[in-house]
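Some notes on the structure that comes next.
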Amino acid sequence: MSEFQPKIVAFVCNWCTYAGADLTGTSRIKYSPNVRIVRFPCTGRIDYMLLTKAFASGADGIIVSGCHPNDCHYTSGNFYARRRWIVFKKLCDFMGIDTRRIVFSWVSAAEGSKWADIVNTTNEEIIKLGPYDSYHKLSTQDILE
Amino acid sequence: MEEIKKIARELLAENKVQVVLGFEKGTANKVRPAFFTKAEDIDKLIYNEACIHNIALYLKKDTCQHAKGVAITATPNVVRSILQLSAENQITEEKIHIIGITHEGKCAGILDFKAAEEFSKTQPKGLKPEDKALIEKIQAMSLEERFDYWVEAFSPCIKCYACRASCPMCYCGKCNVETNNPQWIPVASHKYGNVEWHMMRAMHLAGRCINCGECNRSCPVDIPLNILSYMLSDFVLDEFDSEAGLNSVFTSALSAYTVVDKENFIK
């Protein structure tokens, strides 16, 4: 195990990915404990500001996950979310915010193993990238200066 | 110029409108936006190449909200703002009398929304070459350079919110920056809060910005913040074929979706 243990925040929807992560647990599939899951009613509820707040509060990586297209509990929440992510990712890229640290995925309630896989690969990726110092520095040090 | 005055005077005299939004002479050879409520005051109404402010934002202010009819001297940017405000159900056609002014400064007469849509389509728009160059320059940078560039660019920001105040699309009664529980945007103007503020601003305007550049013009510390919205409008146009300010009935890109939206990053 490497020395650096990243903090990963997962913003997931209640109906698919949260249930999927539950299935990962009940299926006894082991996955990285570095992830902190935050449950939302729908992916459409996941505000992009929450992502920046997570980075500012010390997260090194973020997973955003919800129902597959056409499977949204509220019919269209994930379609709105998808557009928002497409635009948000573009803005982040343009502003130099490291989008390799934000993983978007669709995980259904039946995809327990996919969830474990997403968390593990994200964890490995973030370990390779190291802590997100440049953003953390903004939110801590620069305030005091 | 005389034609604009004539139209404005008639509208006020016939009591079709209670207020005319336009420009008057300001101090030191400057112009300033003005509200004209009497036909005899129209003599003071001016229009020249210095009148570049986007006065569509005053349509959401009390004076215009309470009037039964409002006339506005509208350059192409103002017309686009009006159309977008209408698309967002902020103003109604019956109330607004658009006195169109082309980009060459010629009077285009009174435009109803249908005519305004045509007018808006024929008027030149798009980025200034220097803005385009800056966007390309930033896109050519590495990730770290881009981040440093923006942190540096935002660092003089004093959080005066002139960009918000001058934007016709920023009409929310209570803005997120005034919410302090939870505190979305830190009040103090440190680097972190500045980045978050400008990021939020750009996202809220994505697909709605009509690219008038008023935010950049009003910024007292000259942050090139308009290019954030410019870049996103360009992107939204390419990606979703959606452009603000062309139609009076329109759902902006982020309030809509199609089941076939394409992306290549969702696992």
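The values are calculated or read from the model by the stated rules, or taken from the named source; none is laboratory data. It should be emphasised that the depicted structure is a prediction, and the values quoted were computed from it without experimental measurement. Positions of Cβ are generated from backbone atoms using ideal geometry, with glycine treated the same way; all protein chains shown enter the neighbour counts. Ligands, DNA and RNA are excluded from the accessible area calculation, which covers all protein heavy atoms including side chains. Shrake-Rupley method; radii C 1.70, N 1.55, O 1.52, S 1.80 Å.
Here are some notes:
- Calculated translational diffusion coefficient of segment A:12-140 (20 °C, 1.002 mPa s; Stokes-Einstein with Kirkwood radius over alpha-carbon pairs) equals 143 µm²/s.
- Split the accessible area of segment B:36-151 by element, probe 1.4 Å, and carbon with sulfur accounts for 50%.
- In this assembly, the B-A interface accounts for approximately 4200 Å² of buried accessible surface in total, computed with a 1.4 Å probe and without ligands, DNA or RNA.
- Contact-buried residues of segment B:220-267, at a threshold of 50 Å² lost accessible area versus the chain by itself: B:231, B:235, B:240, B:254, B:257, B:259, B:261, B:265, B:266, B:267 (1.4 Å probe; DNA, RNA and ligands ignored).
- Unpaired Cys in chain B, meaning no second Cys C-beta under 4.7 Å: B:51, B:64, B:107, B:157, B:160, B:172, B:175, B:209, B:212, B:219.
- Protein heavy-atom accessible surface, 1.4 Å probe, per residue over segment B:2-122: 48 Å².
- Relative intensity, log₁₀ I(q)/I(0), of segment B:1-112 from a Debye sum that treats every alpha carbon as a point, q = 0.10, 0.11, 0.12 Å⁻¹: -0.24, -0.29, -0.35
- Over chain B: Kirkwood hydrodynamic radius from C-alpha pairwise inverse distances, Å: 19.8 Å
- The value given for the protein assembly as shown is a Kirkwood hydrodynamic radius of 23.3 Å, derived from the mean inverse Cα-Cα separation.
- Segment B:133-154 versus segment A:48-120: alpha-carbon centroid distance in Å: 24 Å
- Out-of-range pairs (alpha-carbon distance over 18 Å; input B:6/B:38; A:53/A:89; A:114/B:267; A:7/B:191; B:68/B:95): A:7/B:191
- With θ taken as phi - 60° and the Karplus curve 6.51 cos²θ - 1.76 cosθ + 1.60 applied, the whole-hertz 3J(HN,Hα) list for segment A:121-130 is 5, 4, 4, 4, 4, 5, 4, 5, 6, x Hz, x standing for glycine and proline.
- Ranking B:157, A:20, B:7 by how far each Cα lies toward the positive end of the dipole of the protein assembly as shown (charges on Cβ) leaves A:20 at the top.
- Averaged over its residues, chain A has an accessible area of 42 Å² per residue, based on protein heavy atoms and a 1.4 Å probe.
- Number of partner chain Cβ atoms within 10 Å, mean per residue of A:74-84: 4
- Cα-based shape type of segment B:129-255, given that a ≥ b ≥ c are square roots of the gyration tensor eigenvalues and the cut on a/c is 1.5: oblate
- DSSP loop GluC sites (Glu not before Pro) with at most 13 other Cβ within 10 Å: longest gap in chain B: B:105-262
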